[in-house]
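The values are calculated or read from the model by the stated rules, or taken from the named source; none is laboratory data. Just so you know, these numbers come straight off a predicted model, no measurement behind them. Cβ coordinates were reconstructed from backbone atoms using ideal geometry, including for glycine residues, and neighbour counts include every protein chain displayed. Just so you know, the surface numbers come from the protein's heavy atoms only, side chains and all, with ligands and any DNA or RNA stripped out. Shrake-Rupley method; radii C 1.70, N 1.55, O 1.52, S 1.80 Å.
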Amino acid sequence: MKNKPWYRMWPEMIRQVAGACPRMFVLEYFWSVVNGLALAATPIVLEQIFRIILESETERFPFAALAGWMLALLAVYLTSEASAGFSEYYGDIYSEISAKALYGNVNKKAGRLAAIEYEKPELLNRLEKAYPGAFRTRKAVHVIMDILTLYLPYFILYGIYLYHAHPVLPPMLVLIFLPILGSQLLKGKLYARLEDKTAVLRRQKQYYAACMSDKEYAKETRIHGLRGFFRERYRKAVQLFNRYTIETGKKAFKIDMGASLLNMLGLLGMIALLLWLVLKRQIALASFVAVLTSVRTAYDQMEEIVQQRVGALSVSLALSRNYTGFLAEEEEERSVLHRAELDTVSVQNVSFVYPDGTQALRGVTFTAERGDRVAVVGENGSGKTTLAKLLTGIYAPSAGSVSGGASAGMMELRKGSSHLFQHFNQYRMTAAENIGLSDCELKDPERMKWAMETAGFAREETEEIHLETMLGREFGGTELSGGQWQKLAIARAIYRRADLLVLDEPTAAIDPEQESGLYHAFEKCAEGKLCFLITHRLGLVKICNRILVMREGQVLDIGSHAELMQRCAYYRSLWEAQAGQYGLW
């Protein structure tokens with residue numbers, strides 16, 4: 001859909017914008033039609049007034065007829081003003097409603113894409129451009145609907161009136177605006193190219209600004225004196241952004257000035273033509289006065305539609321392709337509605353390659369069953385976290401298969417598993433909301449308390465941090481330590497009803513002294529499940545009956561601790577390296 005011409009995109013665009021609130025959409029443009037007709041009726045009524053004044057005899061002046069037409073003129077003015085006010089009122093409200101609906105479509109679409117797509121920078125660029133594209137889609141629909149409901153009725157009725165005055169006048173009015181129409185189309189292409197150039201720069205500006213001011217980066221930025229470094233990066237991104245914007249603005253200004261000059265010459269030509277026609281007695285004097293009086297209104301309307309509306313439309317249509325194109329992205333298959341029971345997970349000859357060409361896994365094969373507690377160990381970059389994402393159905397393998405028993409595929413794995421991510425989220429919400437996010441359908445405060453206790457929260461901690469405690473200083477809540485945030489993330493993972501539990505570095509932010517207290521907790525929450533523990537801290541293998549050793553994206557060996565100590569030199573070296581530090585002997 002991204003490369004379709006606008007008239008083929010139009011039905012989908014109007015369906016989405018009008019679908020936000022059809023009743024208000026109809027009301028907004030009903031009043032636009034009324035306004036357009038009232039504007040066009042003005043010169044018709046004016047001509048009748050001028051005709052009465054110019055052609056009537058002084059001694060027999062038709063005051064009653066003049067009063068009637070003056071009342072008609074007043075009614076036309078009032079109708080025009082009232083309908084314009086109603087249209088603007090509904091338009092302002094509907095602008096907010098439709099914008100939220102279109103932004104929501106982008107968010108929904110983003111949630112339906114395969115997780116691996118977010119490893120591609122080009123997708124992030126398309127997503128960055130989709131939000132302003134959504135805003136421009138609403139604007140494009142608004143402009144086109146204004147053209148159809150306000151300007152089209154006005155110019156049809158006014159054109160008929162001009163044709164009756166003299167057949168040459170309607171085409172003359174159209175011709176004088178062709179230069180501006182062409183200029184707006186050129187500007188649309190200019191701003192579409194500008195959007196392509198600046199999408200990445202906007203993301204860079206936001207990122208470098210965050211590095212200078214956001215809480216996440218504040219400590220390291222200050223300790224290492226990086227504020228100047230990031231300020232310079234920010235300055236360069238802003239400078240390049242401004243350069244592209246100014247260059248485009250200069251080109252657009254030159255185009256506008258040339259078109260406006262031609263446009264003014266055309267208007268002067270039309271006025272000269274009117275004078276010539278009245279001198280040649282080819283139009284009546286009353287018609288001349290009415291046309292001359294109304295031509296400025298027509299000129300303003302034509303200038304508004306061509307210079308402002310069509311100009312905005314050409315830019316909006318160019319940018320709305322970013323929105324419609326993003327909505328046309330291929331989605332991940334979503335066919336499973338209910339959680340499947342997972343008694344077995346089978347990984348068969350699995351390989352995985354990231355979009356940038358990095359091969360994270362090569363020919364991985366193993367099977368695990370309910371009740372197994374499998375430790376996954378290996379050095380950094382060995383593929384442990386990537387394997388975790390495949391086990392829980394977040395990523396699909398590039399080759400081979402990951403399945404839960406005979407029929408459970410990727411979506412069943414996702415529905416039936418729970419995952420503690422190595423880089424977990426810290427939600428600025430209540431503790432209950434933080435925990436309950438893993439299983440929104442399950443609202444069980446007692447299970448939440450059990451999850452907190454199982455995750456290692458001491459009694460004195462739960463007295464201070466109860467389920468209704470707001471977390472994070474951003475909203476006036478309680479700030480947790482790194483270890484407490486991790487324990488809360490563990491609670492979130494084990495709260496979810498799941499047969500497959502994958503814990504990726506579950507003790508990374510917890511002191512080694514406190515770590516041993518969690519071993520029993522992990523054993524408890526793994527009962528009756530298939531549990532994978534991905535860890536650098538080999539003390540956790542004490543609670544696992546199987547250990548999967550990974551190196552350079554491959555499974556080097558799999559077995560119990562005793563078996564691996566005897567036959568796997570690499571595992572033995574990992575164990576011995578930590579044995580003295582953590583007292584593993």
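Just one of (1) modelled with pLDDT under 90; (2) farther than 24 Å from Met410 by Cα; (3) open to solvent by 40 Å² or more (accessible area, probe 1.4 Å); (4) of a type in the set (D, E, K, R) trips up Glu461, so point out which. Among (1) modelled with pLDDT under 90; (2) farther than 24 Å from Met410 by Cα; (3) open to solvent by 40 Å² or more (accessible area, probe 1.4 Å); (4) of a type in the set (D, E, K, R), Glu461 violates only (3). Counting only residues that are of a type in the set (D, E, K, R), out of contact with any Pro (no Cβ under 7 Å at 6 or more places or on another chain) and more than 30 Å from Gly36 (Cβ to Cβ), the range 85-136 holds 8 of them.
Mind telling me which of the residues Phe61, Phe86 ends up being without any contact (Cβ under 8 Å) to a residue 60 or more places away in the chain and not in a helix (DSSP H, G or I)?
Numbers: Phe86 fails: not in a helix (DSSP H, G or I).
Unique residue meeting the criteria: Phe61.
Of the residues Val34, Val45, which is within 30 Å of His164 (Cβ to Cβ), open to solvent by 30 Å² or more (accessible area, probe 1.4 Å) and aliphatic (A, V, I, L, M)? Write out each step before concluding.
Working: Val45 fails: open to solvent by 30 Å² or more (accessible area, probe 1.4 Å).
None of the others qualify; the one that does is Val34.
The set of residues from the range 173-192 being open to solvent by 50 Å² or more (accessible area, probe 1.4 Å) and in contact (Cβ under 8 Å) with a residue 24 or more places away in the chain comprises Leu175, Leu181, Leu185, Leu186, Lys189, Tyr191. In the range 444-457, the residues that are touching a residue at least 12 places away in the same chain (Cβ under 8 Å) and open to solvent by 60 Å² or more (accessible area, probe 1.4 Å) reach residues that are of a type outside the set (D, E, K, R) and assigned to a loop (DSSP other than H, G, I, E, B) with C-beta atoms within less than 8 angstrom, at least six apart or across chains, in these pairs: Pro445/Leu467; Lys449/Leu467.
The residue pairs whose first member lies in the range 233-248 and is basic (Lys, Arg), whose second member is at pLDDT 90 or above and exposed (fewer than 13 other Cβ atoms within 10 Å of the Cβ), and whose beta carbons are closer than 8 Å, counting only pairs six or more residues apart or on different chains, do not exist in this structure.
Give Arg373, Arg362, Arg339 a once-over and let me know the one that is at pLDDT below 90, open to solvent by 20 Å² or more (accessible area, probe 1.4 Å) and either within 21 Å of Leu540 (Cα to Cα) or basic (Lys, Arg) (or both). So that I can check it myself, show each step before the final result.
Details: Arg373 fails: at pLDDT below 90; Arg362 fails: at pLDDT below 90.
Matching residue, one of Arg373, Arg362, Arg339: Arg339.
Being polar (S, T, N, Q) and at pLDDT 90 or above is a description that does not apply to Thr392. Per this entry, Leu102 is counted among residues that are within 12 Å of the chain's Cα centre (by Cα) and of a type outside the set (D, E, K, R). Between Glu128, Glu122, the distinction of being surrounded by 16 or more Cβ atoms within 10 Å (Cβ to Cβ), of a type in the set (Asp, Glu), in a helix (DSSP H, G or I) and at pLDDT below 85 belongs to Glu128 only. Of all the numbered requirements in (1) touching a Phe, Trp or Tyr at 6+ places or on another chain (Cβ under 6 Å); (2) free of Cβ contacts under 8 Å to residues at least 12 places away in the same chain, Leu201 misses one, and that requirement is (2). Restricted to strands (runs of 3 or more DSSP E) entirely inside the range 513-565, those with at least 1 residues that are surrounded by 23 or more Cβ atoms within 10 Å (Cβ to Cβ) and modelled with pLDDT of 90 or more are 530-534, 546-551.
Here is a check on your reading of the model: is Leu162 touching a residue at least 60 places away in the same chain (Cβ under 8 Å), open to solvent by less than 20 Å² (accessible area, probe 1.4 Å) and more than 40 Å from the chain's Cα centre (by Cα)?
Values: touching a residue at least 60 places away in the same chain (Cβ under 8 Å): yes; open to solvent by less than 20 Å² (accessible area, probe 1.4 Å): yes; more than 40 Å from the chain's Cα centre (by Cα): yes.
Here the answer is yes, as Leu162 does meet what is asked.
Lys197 meets each of the listed conditions (1) open to solvent by less than 50 Å² (accessible area, probe 1.4 Å); (2) under 22 Å from the mean Cα position of the chain (by Cα) apart from (1).
Taking the condition within 27 Å of the chain's Cα centre (by Cα), small (Gly, Ala, Ser) and open to solvent by 30 Å² or more (accessible area, probe 1.4 Å), does Ala209 pass?
On the way: within 27 Å of the chain's Cα centre (by Cα): yes; small (Gly, Ala, Ser): yes; open to solvent by 30 Å² or more (accessible area, probe 1.4 Å): yes.
For Ala209, the condition - within 27 Å of the chain's Cα centre (by Cα), small (Gly, Ala, Ser) and open to solvent by 30 Å² or more (accessible area, probe 1.4 Å) - is met.
Hydrophobic (A, V, I, L, M, F, W, C), in contact with a helix residue (DSSP H, G or I) (Cβ under 8 Å, 6 or more places away or on another chain), modelled with pLDDT of 75 or more and more than 30 Å from Pro132 (Cα to Cα): does that describe Phe288? Answer is yes for this residue. In the range 574-585, the residue that is modelled with the lowest pLDDT out of those that are assigned to a helix (DSSP H, G or I) and open to solvent by less than 60 Å² (accessible area, probe 1.4 Å) is Ala579.
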